[in-house]
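**Q** Below: one structure in C-alpha cells.
The values are calculated or read from the model by the stated rules, or taken from the named source; none is laboratory data. This one's a predicted model, so the numbers in the text were calculated from it and none came from an experiment. Here the Cβ is made from the backbone with ideal geometry for all residues, glycine too, and neighbour counts use every protein chain on show.
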C-alpha cells in the first residue's frame with residue numbers, strides 16, 4: 001500500500017464526474033471527501049450560474065482556500081479526496097503546498113469526450129455549474145502532464161478500481 005499519498009485531487013472539466021468518482025473513492029478508502037465547489041465565493045457561484053466562465057483572478061482565492069485544505073490534511077496526517085477542476089497547470093501547482101512531501105498530493109484526471117460531457121451537463125441539475133460553462137472549461141483546460149489519466153466514461157466502480165490500482169491504494 002502506498003502510504004505517501006495524503007490527498008487525491010480528482011480533476012476535470014464540468015460534468016466529468018469528479019464528485020461521483022471522488023465520493024466513491026473516498027468511501028472505499030475510508031478517507032474524507034471534500035467538494036471543491038463548496039469553497040467558491042458567492043460571487044463566483046453567481047457568475048457561473050449566469051453561464052459566465054471564471055477568470056484566473058476569480059479562481060485564485062478559491063484555489064488558495066483549497067490549498068489550505070490540502071496543507072491541513074498533510075499537516076494532520078489525514079487523508080482527503082478532493083473534487084476540483086484544476087484546469088491549468090499553474091492551478092495544480094498552486095494547490096500543492098511548497099512543503100508537501102513528494103507524492104503526498106496526486107492528481108487523477110477524468111478524461112471524457114466532449115459529446116459525453118455535453119450529454120451529462122444537459123441531464124444534471126448542478127446548483128450553479130450550468131451547461132453553458134462547458135465551452136469555457138474546455139477552452140481553459142490544459143491537459144495535465146502530472147496526473148493519472150482515467151477514462152471518465154467508465155462506471156464509477158471501474159474508475160475507483162483503476163484509481164486504486166494506479167495509486168497502489
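Per-residue answers, yes or no, for (1) outside any helix (DSSP H, G or I); (2) crowded, with 21+ Cβ neighbours inside 10 Å; (3) at pLDDT 95 or above:
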residue	(1), (2), (3)
52	yes, no, no
60	no, no, yes
64	no, no, yes
67	no, no, yes
71	no, no, yes
78	yes, no, yes
90	no, no, yes
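**Q** For the subset of region 104-131 comprising residues that are modelled with pLDDT of 95 or more and in a loop (DSSP other than H, G, I, E, B), which member is surrounded by the fewest Cβ atoms within 10 Å (Cβ to Cβ)?
**A** 113
**Q** A further question follows. Being surrounded by 13 or more Cβ atoms within 10 Å (Cβ to Cβ), within 20 Å of residue 9 (Cα to Cα) and either more than 14 Å from the chain's Cα centre (by Cα) or modelled with pLDDT under 85 (or both) is the filter here, so list the residues in region 135-153 that pass it.
**A** 138, 140, 153
**Q** While we're on this one: Could you list, in sequence order, the residues of region 131-145 that are over 11 Å from residue 87 (Cβ atoms) and in contact with a strand residue (DSSP E or B) (Cβ under 7 Å, 6 or more places away or on another chain)?
**A** none
**Q** Counting only residues that are farther than 14 Å from residue 95 by Cβ and in contact (Cβ under 8 Å) with a residue 12 or more places away in the chain, which one in region 1-11 is surrounded by the fewest Cβ atoms within 10 Å (Cβ to Cβ)?
**A** Only one residue tops the list, namely 1.
**Q** If you check every pair at least six apart or on different chains, which have Cβ atoms under 9 Å apart with a residue in region 70-92 that is on the phi > 0 side of the Ramachandran plot and touching a residue at least 60 places away in the same chain (Cβ under 8 Å) first and a residue that is part of a loop (DSSP other than H, G, I, E, B) and buried (at least 23 other Cβ atoms within 10 Å of the Cβ) second?
**A** Sorted first by the residue in region 70-92, then by its partner, the pairs are 86/12.
**Q** Continuing with this model, one more query. Considering region 1-35 alone, what residues qualify as being more than 22 Å from residue 114 (Cβ to Cβ) and part of a helix (DSSP H, G or I)?
**A** Across region 1-35, the qualifying residues are 23, 24, 25, 26, 27, 28, 29.
**Q** Turning to a different aspect of this structure: Which residues, counting only those in region 31-50, are surrounded by fewer than 17 Cβ atoms within 10 Å (Cβ to Cβ) and under 13 Å from the mean Cα position of the chain (by Cα)?
**A** Correct list: 35, 38.
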